[in-house]
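Quick notes on the structure that follows.
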Amino acid sequence: MSDLIAEYVARLAPKAVGALRGTAKLVVEGEGSVMLDAQGAHEGDGPADVTLTATDTVFRAILSGDQSPVTAFMSGKLKVDGGTQRALKVSAILAS
């Protein structure tokens, strides 16, 4: 696991525990992916109910509160594959 993905896993694991039904995948372009579910976060690239794809810069801006996930999506910086409601739930976890 890359150091960058390990950092995402460590940061997102406590936020995701019990906060998500189903699975979500964050694809950090050029780096790898993180799977989120009710048990937390781990590195992986399996099937997911919703997939969010962006650069490390965009995800870091969302996590720090400097970028709204909705604005990132509307401007094309964040790509979503899957249900909109699930994407909004994942966005809320990222932005919390």
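Worth pointing out:
- Residue 67 meets each of the listed conditions (1) in contact (Cβ under 8 Å) with a residue 24 or more places away in the chain; (2) out of contact with any strand residue (DSSP E or B) (no Cβ under 9 Å at 6 or more places or on another chain); (3) at negative phi apart from (1).
- Some residue of segment 12-19 being on the phi < 0 side of the Ramachandran plot and in contact with a Phe, Trp or Tyr (Cβ under 8 Å, 6 or more places away or on another chain): no
- Whichever residue in segment 64-78 is surrounded by fewer than 17 Cβ atoms within 10 Å (Cβ to Cβ) and of a type in the set (A, V, I, L, M, F, W, C) and, among such residues, is nearest to residue 21 (Cα to Cα): 70
- Residues of segment 70-86 that turn out to be in contact with a strand residue (DSSP E or B) (Cβ under 8 Å, 6 or more places away or on another chain) and either at positive phi or touching a residue at least 60 places away in the same chain (Cβ under 8 Å) (or both), as a count: 2
- Of all the residues in segment 1-36, those that are closer than 15 Å to residue 86 by Cβ and either surrounded by fewer than 18 Cβ atoms within 10 Å (Cβ to Cβ) or more than 11 Å from the chain's Cα centre (by Cα) (or both) number 4.
- Identity of the residue in segment 1-45, among the hydroxyl-bearing types (Ser, Thr, Tyr) and assigned to a loop (DSSP other than H, G, I, E, B), that ends up modelled with the lowest pLDDT: 2
- If only residues of segment 37-51 that are out of contact with any helix residue (DSSP H, G or I) (no Cβ under 6 Å at 6 or more places or on another chain) and either within 17 Å of residue 78 (Cα to Cα) or free of Cβ contacts under 8 Å to residues at least 24 places away in the same chain (or both) are counted, the one that is surrounded by the fewest Cβ atoms within 10 Å (Cβ to Cβ) is 46.
- Hey, residue 81 assigned to a loop (DSSP other than H, G, I, E, B) and more than 22 Å from residue 2 (Cβ to Cβ) or not: no
- Boolean, residue 58 is part of a helix (DSSP H, G or I) and crowded, with 16+ Cβ neighbours inside 10 Å: yes
The values are calculated or read from the model by the stated rules, or taken from the named source; none is laboratory data. All figures in this text were calculated on a predicted structure; none of them were measured in a lab. Backbone-built Cβ (ideal geometry, glycine too); neighbour counts: all protein chains shown.
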